[in-house]
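Here the structure is laid out as structure tokens; the discussion comes afterwards.
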């Protein structure tokens, strides 16, 4: 929908941004058959994620490796991060929950098993879910997320259960790098440590990737960006996994806080800044499709990405339901209607964008100087308090900001920045201190690099503070489609001559 | 001879799935090892399987109460750091 991503489309693929209509996300360059397979998958398609819902069921508690960014011991209600789960389900409970949710949320298109441990370290529980769901809910797509250690062993079974999407977390292809990320793996009845452990893990991941793509199963690769450990190395990872047939690469920022009790958290390993993440995603984008709308959700997430509804479907409520009470047949019919309507709508939007209009002001600027080379207007990052593709939220209510880059070639989605960082931390954990950075200061720091923030409304105090830190608040485009609003602001900046100069140096937030 | 699970256990099921003797069962508040079935994997494996896959330090002890995975041994986090953050009480 409103997320034309220009730089992400592969050059020379016979499918420029305009040609594909939108190339709505990183998926623009994909062959039509793959696009058709992921167009209703919220985790893979930037346009789909506004409309389609997914859920994860937490049926896979065991894990067979240790990552330095993980410690499942510390689960806090405020936390939204992978590997964390508040309620573990038996396979039967999970089936009931999926059927109840799919009946209540007709936008639901995907069911994933992602943890909180590794699904393939829990093969009996994981495949029981897939077996039952492919019988009872054949319209729901099934997917699986794994560290890859046991992948080669289970590829045939994955294919048998009609799972057509698998995500493998691959943080490295070099065992020396891996030894800094994985302290141990459980392999062939032994706990194996160090470089040897990383070597085995990498070997199995790569083998599993090749086996899956050879069977036509779509593979997305997740990588955690760990500054100073694998940041530069991830460019190599991107090349390698693309060559082996992965269709999408999702580089996610490390989440490391001491309160999570992880090795990285306790040892003071830095998380990447938004700028570092973006730089790496841009560097990898030349090699393959990058995904930028990932919300790093929990292993028990429910609903549309970024709007978790898990709290509505607790096990108490699900247990009160018997399967007989769910009118599954009519729920499936209704889902089909809702899904078809959404896909029609997306098709129409894609069609409408087939020939993007030349921004008039930029055209005029170029026309005024016919002899000179077209002026190089610098690109500008803008943060948007958006919802469902429009500038919809009050600045103070936004839990995340979507970041777009505007340039003479158009508007592209860059990523999102959370304001209520994964754990709301000091404010909600009760150790408040007047000297602590205020929420507003944190929000402003999170918007670093952006020159404009678009929102529906904004209060007096944040307005002043934003301006003082070099970010121009703009509430004039409320309820307009995001990229139209971003382009309009960019054109205003161009017309007033603000874009010929380098970006103003920012005052400390 | 039998191993035991301590209250550090998180109920992640990993040990129960790999026990060759089917000696580990879900219990409240955490999994327990049936001492009549546990062989410490002697004769089956070089390492007791529960202790070889358990991700939680100090969750499995032998008959003498000695941790098979002492603090810091799985994560590499120095014990002093664990103590500093209140994640370990100190000498056990």
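The values are calculated or read from the model by the stated rules, or taken from the named source; none is laboratory data. All of these numbers come straight from a predicted model, not from anything done at the bench. For neighbour counting, all protein chains shown are included, and Cβ atoms are generated from backbone atoms with ideal geometry for every residue, glycine included.
Things to note:
- The single condition from (1) surrounded by 19 or more Cβ atoms within 10 Å (Cβ to Cβ); (2) assigned to a loop (DSSP other than H, G, I, E, B) that residue B:50 fails is (2).
- Residues of the range A:207-258 classified as under 23 Å from residue A:165 (Cα atoms) and in contact with a strand residue (DSSP E or B) (Cβ under 9 Å, 6 or more places away or on another chain), total: 28
- Within the range A:250-268, not a single residue is modelled with pLDDT under 80, away from every other protein chain (no Cβ under 14 Å) and closer than 27 Å to residue A:98 by Cα.
- Complete set of residues in the range B:7-20 that are facing chain A (nearest Cβ under 10 Å), part of a loop (DSSP other than H, G, I, E, B), touching a residue at least 24 places away in the same chain (Cβ under 8 Å) and farther than 12 Å from residue B:59 by Cβ: B:20
- Flag for residue B:2 being surrounded by fewer than 19 Cβ atoms within 10 Å (Cβ to Cβ), more than 8 Å from every other protein chain (Cβ to nearest Cβ), in a loop (DSSP other than H, G, I, E, B) and touching a residue at least 60 places away in the same chain (Cβ under 8 Å): yes
- Within the range B:26-48, if we keep just the residues that are touching a strand residue (DSSP E or B) at 6+ places or on another chain (Cβ under 7 Å) and within 10 Å of chain A (Cβ to nearest Cβ), the residue that is farthest from residue A:61 (Cα to Cα) turns out to be B:46.
- Among the residues of the range A:451-470, those identified as touching a residue at least 40 places away in the same chain (Cβ under 8 Å) and closer than 18 Å to residue A:405 by Cα are A:451, A:452, A:453, A:454, A:455.
- Selected residue (only one of A:210, A:257 is over 30 Å from residue B:85 (Cα atoms) and surrounded by fewer than 19 Cβ atoms within 10 Å (Cβ to Cβ)): A:210
- Residue A:210 within 25 Å of residue A:281 (Cβ to Cβ), in contact (Cβ under 8 Å) with a residue 24 or more places away in the chain and away from every other protein chain (no Cβ under 14 Å): yes
- Unique match (being at pLDDT 95 or above and within 11 Å of chain A (Cβ to nearest Cβ)) among B:23, B:51: B:51
- Residue in the range A:450-471 that is in the same structural domain as residue A:396 (by TED's automatic domain parsing), at pLDDT below 80 and touching a helix residue (DSSP H, G or I) at 6+ places or on another chain (Cβ under 9 Å) present: no
- Within the range A:53-160, strands (runs of 3 or more DSSP E) holding 3 or more residues that are closer than 20 Å to residue A:206 by Cα and at pLDDT 85 or above: A:141-146
- Some residue of the range B:56-68 being touching a helix residue (DSSP H, G or I) at 6+ places or on another chain (Cβ under 6 Å) and either facing chain A (nearest Cβ under 9 Å) or without any contact (Cβ under 8 Å) to a residue 40 or more places away in the chain (or both): no
- With respect to the conditions (1) assigned to a loop (DSSP other than H, G, I, E, B); (2) at pLDDT 95 or above; (3) over 24 Å from residue B:68 (Cα atoms), residue A:163 falls short on a single one, namely (2).
- Residues of the range A:375-390 that turn out to be modelled with pLDDT under 90 and either over 21 Å from the mean Cα position of the chain (by Cα) or part of a strand (DSSP E or B) (or both), as a count: 8
- Within the option set A:164, A:156, being touching a helix residue (DSSP H, G or I) at 6+ places or on another chain (Cβ under 8 Å) and in the same structural domain as residue A:69 (by TED's automatic domain parsing) holds for one residue only, A:164.
- Of the criteria (1) out of contact with any strand residue (DSSP E or B) (no Cβ under 8 Å at 6 or more places or on another chain); (2) not in a helix (DSSP H, G or I), which one residue A:192 fails: (1)
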